[in-house]
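The values are calculated or read from the model by the stated rules, or taken from the named source; none is laboratory data. Computed from a predicted model, the values in this text were never measured in an experiment. Here the Cβ positions follow ideal geometry from the backbone for every residue, glycine too, while neighbour counts run over all protein chains shown.
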Number of protein chains: 4
Amino acid sequence: MEKIRVAIFGASGYAGEELLRILTRHPMCEIVAITSRKNAGEPISKVFPRFTNSNLTFVAPDVESLKGKCDAAILALPHGTATEFAIPLLNAGIKVFDISADFRLRSTAKYEEYYKVPHPAPELLKKAVYGLPERYREELKTADLVACAGCYPTSSILPTSVLLKAGLVKPTNIAIVSCSGVTGAGRKVDLPYIFPECNENIRAYGVVGHRHLPEIEQELAVAAGVESVTINFIPHLAPFNRGINSTILLDAAEGCTLEKVEQAFLDAYGNEEFIRILPAKRTSEVKYVAMTNVCEIGFNYDPHTNKVILTSCIDNLTKGASGQAVQCMNIRFGLPENMGLI
Amino acid sequence: MEKIRVAIFGASGYAGEELLRILTRHPMCEIVAITSRKNAGEPISKVFPRFTNSNLTFVAPDVESLKGKCDAAILALPHGTATEFAIPLLNAGIKVFDISADFRLRSTAKYEEYYKVPHPAPELLKKAVYGLPERYREELKTADLVACAGCYPTSSILPTSVLLKAGLVKPTNIAIVSCSGVTGAGRKVDLPYIFPECNENIRAYGVVGHRHLPEIEQELAVAAGVESVTINFIPHLAPFNRGINSTILLDAAEGCTLEKVEQAFLDAYGNEEFIRILPAKRTSEVKYVAMTNVCEIGFNYDPHTNKVILTSCIDNLTKGASGQAVQCMNIRFGLPENMGLI
Amino acid sequence: MEKIRVAIFGASGYAGEELLRILTRHPMCEIVAITSRKNAGEPISKVFPRFTNSNLTFVAPDVESLKGKCDAAILALPHGTATEFAIPLLNAGIKVFDISADFRLRSTAKYEEYYKVPHPAPELLKKAVYGLPERYREELKTADLVACAGCYPTSSILPTSVLLKAGLVKPTNIAIVSCSGVTGAGRKVDLPYIFPECNENIRAYGVVGHRHLPEIEQELAVAAGVESVTINFIPHLAPFNRGINSTILLDAAEGCTLEKVEQAFLDAYGNEEFIRILPAKRTSEVKYVAMTNVCEIGFNYDPHTNKVILTSCIDNLTKGASGQAVQCMNIRFGLPENMGLI
Amino acid sequence: MEKIRVAIFGASGYAGEELLRILTRHPMCEIVAITSRKNAGEPISKVFPRFTNSNLTFVAPDVESLKGKCDAAILALPHGTATEFAIPLLNAGIKVFDISADFRLRSTAKYEEYYKVPHPAPELLKKAVYGLPERYREELKTADLVACAGCYPTSSILPTSVLLKAGLVKPTNIAIVSCSGVTGAGRKVDLPYIFPECNENIRAYGVVGHRHLPEIEQELAVAAGVESVTINFIPHLAPFNRGINSTILLDAAEGCTLEKVEQAFLDAYGNEEFIRILPAKRTSEVKYVAMTNVCEIGFNYDPHTNKVILTSCIDNLTKGASGQAVQCMNIRFGLPENMGLI
């Protein structure tokens, strides 16, 4: 079998660094190009000293030159920019795995509401498959364009969708409170992200109308089998590098028990390599998923308020971005799903 | 005016260390005794090297020897133990400021439900004044026994009670999600609290039935003017030393607006030195309250779900424990409320 | 007695924030102006949300407007810029306390060697008193221009100078290895200082020719009573907010013993409020000096290599910058040296 | 080819956890036993929740039961205890890879001087090969007993030995100043290691007579071709989880230049997969080696003092312990040296 020839677009951020870390160990991938407008012409070690021994060099993004030499492109670009490259890449017969938010929302109206601009390629939204393998594995096997699930959405949707689908919780009054490490903000050089501003601190942000909100609502509605759901999603910035914990409060449906919740998770994810269901009443911890592609899920029931309380942890750069993209790519190209990811 | 002669009981933990830091700078306090069973006979510098230049020495707790030589005792003892000393101290005419949870609940039944033992001195519960100056200032002026508010409760009750009292939010479906630094667990030598287990991690704990839950419910019911309220309170352990952030989701009552919420906070706390009301839509940050006695409050309104979302930060060792005890003591002894605390 | 009227120049960095924290509590200071070119016109709370309740507003720096209304100016400006203001301030009869490096070196040649530009005001170098109260207290009492000691130099000179002066160590082969928290880099918005780049990391930098090197060498030569000393100074950036630890290796002179070292420290600093001499063989810790104006010094002797090994910790923003400036100012204006600093 | 059957003795600490992380991904290893006296009978997930999906169970250490079923034993035991198991394991024909310090010193006198007890098995010291592949690869190919190099020694010896051997630096007046993350102290439940005591802190410890000192001196003497060398080694505890940085000051020998230093490193390590030589004047960073088996080396020359200054970073749990043990094991069993380690 031949190796997949992969190009990484926008490789100079943290998701790009994580892609490089994963793909340089992936036995069936060959990196054919890493692009960066800003760093074109520079050796990779200039941007990421950890790769000093690699001889990769950044090039300016150029789809033309990849024709016939590339099977898959992973886009770690800012939203908006991803679309610009997705179109010519697809036209060149290259499979596209987009880590940005450009193709995640099925509704162009929602996209415009949250991103304040019209969607640049509405016709592609229909083509795109949502890149969350545990929910869309079959569709991913033949997808040309994969809209990899976002970090907060992955940690939120994986546990919540199971209970909604099983009818064990109500599709109303859902509250998701998440804490993310600082790599979640990207490799952004801005005052709020310098060390002394983040360290010994925690703060909520984007408490109303965060851009990941419609993505979570969209997928929870699918799981619940309803037209739409309306939730509260409240992210926090916490002083660690990698990882997200989401704590999720759900109104129990009639007849819900801790045992049924456990059974629903085992039924849904008992055979999933990248999902770890904790014993009842335990809570997930970021440290047990950092640098892995695993989502760790804990569940509890509060009889006092009749709520199911879920906790869910992922590494935002791995399962929440680059690892998930590789998992999707493995599925698409018929490779073992965990290749390069363990 | 004569100085207040203060004894600190249980001075070898983090709340004790913070009391020592505050009281050694307090111009109207004289520390007459610091007690520790474990460290009796040892100079303070053995336990807290930062006080190497002090000549205080730990003594075994002994109320008898304090008679006539002490005006106030601050108890930084484990729950259960505090009661043991409170009784003889009160009998000796010494004012008691208890940082433990022993006297915070008015209901002995609730105490027994959450602490699994009968309350050791039910008659004292009636005497005790809840040590949250911004809510109980008048009562504190004449209190003999002060049950200082807990750390999570302080960060939760201060903002929420205002809106409940003003009728701007409903006393149902309240969710409080908090993140505390590791000093919140005390100076506890236990595997989950060693550095590599806490660092680069975050986790929920006590998601059902945390001991601070009934204390918060009790005070929110008072504020709402109802018999009882039932809430979800979900604490997290986060990787920093000092501070708590509480993010609070509340169902807006009819007619609630962001402007009314702001006005309610200004009416309630506009003149409070230790409460900082942020401009609308901003969120509180732990770093702006660490090492201070301030509670910083942010507020927002989500029209999408008709929720009021509050954020509230304190330093768990200062406003959440030792600073609040000193604030209460200042009130009780007629001193400026901020003495030693700025 | 009247309050000292103080202007803070360049108040928008971390040293400025620390000055504001100290001076707003200082009972004998009145802040008459805080300047910032970038933030002129903005309320202080815009730059430092912790001062939301203050009504100070940044103004553009303007010496003319301060004439007759200001007794002291503390300059927390970048090097080079400080000189620009020092001259007119001195001409206006205002005492100047400069936290920058502009006036620390007595040799203009050394200045030019390390800063790559000629010194802008060589005549002022003679006027300037080195702002390290424990070494230059008498001179500070009448100084018009104080060149406050740098952070690394303070942590290095305070312990080392004592042993050099006592002849207990040799003035050759001195190695100083320091670790600083990230506020030491200032409030600088640059990729190497964002949280994920500093967190879970440590690195040496400036290992050859760091700008604090000639300042340390100058003062150690004074202490040793020799023309010049040549040392190695190797700073590291470590993942905490505040503090410096310096570990210093010194060749013991003949006859040196641990007892003599201890005695030399007690003789030199036994009465110093802001120096904490640890018992022999203990090592200093950053956490015991953070948020204080204290320098903590530990000493040890290695018979194996005949070296004296010192450790020394300060808070880089307090004793290493703003606290020291206030200590110098207190001395200059005849106030208790610790005012506002405990 | 058959898989190597590996037993891990003392698997419940951080080195054990790292061994498990590595070996569960190693394509040619089968874990046949994990031992722990304290946790015997418990599933691995009880001790390390990250391995919740594994079905390994701790057993009490029992060499007898491993006979014929085990090819290699990796000992992650406290010093002293390792010897106890090494003897029967070797007798049972099992290769032993010891991560403890028991077999690292060739001199029983040195062992006794630093460990305060006679060596329990002096005859084995002659058999043991020092487990630092880049220096002892040939010897490791046939070793029955490997004394894996310690963490501080690995970071110190790898760079320094090259320059000593090349005669570019003098074997006298060597100073090694290291900073280690807190996992370096093991999974130890003790007050100095709880989060609030380590966080926002740094401190030197063991500044005289640390137990890794004779190990470093032994290997540097070998490299320099001299009877013995006498050095200063000063470790610090720094607030991160994983990694060591060593900064090394060396007196340049006559004729030493930066170019010769670079050439010496390229000659020695140009083909080493796990050593990364930085360009001249750059400094190593812990973050670039964390979670890898790499040693990153930087070098510089200070003409001012005629010193060569090296910096060297490793992950203390990987290259400094478990990764190195696996690297040695791969060599011993004829596997690719990097198997399981990239």
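Within region D:1-33, the set of residues being of a type in the set (A, V, I, L, M), free of Cβ contacts under 8 Å to residues at least 40 places away in the same chain and over 16 Å from D:K95 (Cα atoms) comprises D:M1, D:L20. Could you grab me the full set of residues in region C:173-213 that are charged (D, E, K, R), assigned to a loop (DSSP other than H, G, I, E, B) and either at the interface with another protein chain (Cβ under 10 Å from one of its Cβ atoms) or touching a strand residue (DSSP E or B) at 6+ places or on another chain (Cβ under 9 Å) (or both)? Correct list: C:R187, C:K188, C:D190, C:E200.
Results for (1) more than 21 Å from the chain's Cα centre (by Cα); (2) more than 28 Å from C:E112 (Cα to Cα), shown as yes or no for each residue.
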| position | (1), (2) |
| --- | --- |
| C:G13 | no, no |
| C:E17 | no, yes |
| C:V32 | yes, yes |
| C:R37 | yes, no |
| C:E42 | yes, yes |
| C:R50 | yes, yes |
| C:T81 | no, no |
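Residues that are among the hydrophobic types (A, V, I, L, M, F, W, C) and at the interface with chain C (Cβ under 8 Å from one of its Cβ atoms) were ranked within region D:273-305; the one that is surrounded by the most Cβ atoms within 10 Å (Cβ to Cβ) is D:V286. Do we have any residue at all in region B:114-137 that's surrounded by 24 or more Cβ atoms within 10 Å (Cβ to Cβ), free of Cβ contacts under 8 Å to residues at least 60 places away in the same chain and assigned to a loop (DSSP other than H, G, I, E, B)? Looking for residues that are surrounded by 24 or more Cβ atoms within 10 Å (Cβ to Cβ), free of Cβ contacts under 8 Å to residues at least 60 places away in the same chain and assigned to a loop (DSSP other than H, G, I, E, B), one finds none in region B:114-137, hence no.
Apart from one condition, C:G323 fits all of (1) within 14 Å of another protein chain (Cβ to nearest Cβ); (2) in a helix (DSSP H, G or I); the exception is (1). Scanning region D:205-222 for residues that are buried (at least 24 other Cβ atoms within 10 Å of the Cβ) and more than 25 Å from C:G181 (Cβ to Cβ) turns up D:L213, D:P214, D:E215, D:I216, D:E219, D:L220.
From the list D:I314, D:I342, D:I297, pick out the single residue that is farther than 23 Å from D:E139 by Cβ and aliphatic (A, V, I, L, M). Checking each option against the conditions leaves just D:I342. C:L266 meets all of the listed conditions (1) within 20 Å of C:P171 (Cα to Cα); (2) touching a strand residue (DSSP E or B) at 6+ places or on another chain (Cβ under 7 Å); (3) not in a strand (DSSP E or B) but one, namely (1). Tell me, please, whether a residue that is in a loop (DSSP other than H, G, I, E, B), in the same structural domain as B:S36 (by TED's automatic domain parsing) and basic (K, R) can be found in region B:56-69. Yes, region B:56-69 contains a residue that is in a loop (DSSP other than H, G, I, E, B), in the same structural domain as B:S36 (by TED's automatic domain parsing) and basic (K, R).
Summed over region A:70-80, the residues that are assigned to a loop (DSSP other than H, G, I, E, B), surrounded by 14 or more Cβ atoms within 10 Å (Cβ to Cβ) and touching a Gly at 6+ places or on another chain (Cβ under 8 Å) give a count of 2.
Answer yes or no as to whether D:D315 is surrounded by fewer than 22 Cβ atoms within 10 Å (Cβ to Cβ) and within 12 Å of chain C (Cβ to nearest Cβ).
Considered against the rule, which asks whether it is surrounded by fewer than 22 Cβ atoms within 10 Å (Cβ to Cβ) and within 12 Å of chain C (Cβ to nearest Cβ), D:D315 comes out as no.
Looking at region B:160-172 only, could you name the residues that are of a type in the set (S, T, Y) and either part of a helix (DSSP H, G or I) or under 15 Å from the mean Cα position of the chain (by Cα) (or both)?
The answer is B:T160, B:S161.
Against the conditions (1) in contact (Cβ under 8 Å) with a residue 40 or more places away in the chain; (2) within 14 Å of the chain's Cα centre (by Cα); (3) closer than 27 Å to A:I309 by Cβ, A:G181 satisfies every one except (2).
Of everything in region A:242-260 that's surrounded by 23 or more Cβ atoms within 10 Å (Cβ to Cβ) and not basic (K, R), which residue is nearest to A:V169 (Cα to Cα)? Across region A:242-260, the extreme among qualifying residues is A:L250. What is the number of the single condition among (1) within 16 Å of C:F9 (Cα to Cα); (2) aliphatic (A, V, I, L, M); (3) touching a strand residue (DSSP E or B) at 6+ places or on another chain (Cβ under 6 Å) that C:I87 does not meet? Tallying (1) within 16 Å of C:F9 (Cα to Cα); (2) aliphatic (A, V, I, L, M); (3) touching a strand residue (DSSP E or B) at 6+ places or on another chain (Cβ under 6 Å), C:I87 fails exactly one: (3). Screening D:M1 with (1) over 28 Å from D:Y152 (Cβ atoms); (2) in contact with a strand residue (DSSP E or B) (Cβ under 9 Å, 6 or more places away or on another chain); (3) assigned to a loop (DSSP other than H, G, I, E, B) gives one miss only, at (2). Among the residues of this structure, A:E337 does not count as one that is touching a residue at least 60 places away in the same chain (Cβ under 8 Å), assigned to a loop (DSSP other than H, G, I, E, B) and closer than 18 Å to A:K165 by Cα. The residue that is modelled with the lowest pLDDT, counting only those in region D:44-64 that are closer than 15 Å to D:I31 by Cβ and among the hydroxyl-bearing types (S, T, Y), is D:S54. If you go through region C:271-294 and pick out every residue that is out of contact with any strand residue (DSSP E or B) (no Cβ under 7 Å at 6 or more places or on another chain) and part of a helix (DSSP H, G or I), you end up with 1. If you check B:I297, B:I248, B:I309, B:I216 for being in a strand (DSSP E or B) and farther than 20 Å from A:F233 by Cβ, only one passes: B:I297. Pairs are defined by a Cβ separation below 8 Å, a sequence spacing of at least 6 or placement on different chains, a first member in region B:144-172 that is farther than 14 Å from B:I216 by Cβ, and a second member that is polar (S, T, N, Q); the pairs so defined are B:C148/B:Q324; B:V169/B:T160; B:T172/B:T230. Among the residues of region B:97-113, those that are over 19 Å from B:C151 (Cα atoms) and either surrounded by 23 or more Cβ atoms within 10 Å (Cβ to Cβ) or free of Cβ contacts under 8 Å to residues at least 40 places away in the same chain (or both) comprise B:T108, B:A109, B:E112. Identify the residue in region B:141-185 that is touching a Phe, Trp or Tyr at 6+ places or on another chain (Cβ under 7 Å) and surrounded by fewer than 24 Cβ atoms within 10 Å (Cβ to Cβ) and, among all such residues, is modelled with the highest pLDDT. Only one residue fits best here, namely B:L145. Against the test of being crowded, with 22+ Cβ neighbours inside 10 Å and either touching a residue at least 12 places away in the same chain (Cβ under 8 Å) or of a type in the set (S, T, N, Q) (or both), the options C:I194, C:I202 yield a single qualifying residue, C:I202. Looking only at region C:215-232, count every residue that is more than 10 Å from chain D (Cβ to nearest Cβ) and in contact (Cβ under 8 Å) with a residue 40 or more places away in the chain and tell me the total. Residues flagged as more than 10 Å from chain D (Cβ to nearest Cβ) and in contact (Cβ under 8 Å) with a residue 40 or more places away in the chain within region C:215-232 amount to 12.
Every residue in region A:5-48 that is in contact with a Cys (Cβ under 6 Å, 6 or more places away or on another chain) and surrounded by fewer than 24 Cβ atoms within 10 Å (Cβ to Cβ), please.
A:R5, A:L23, A:V32
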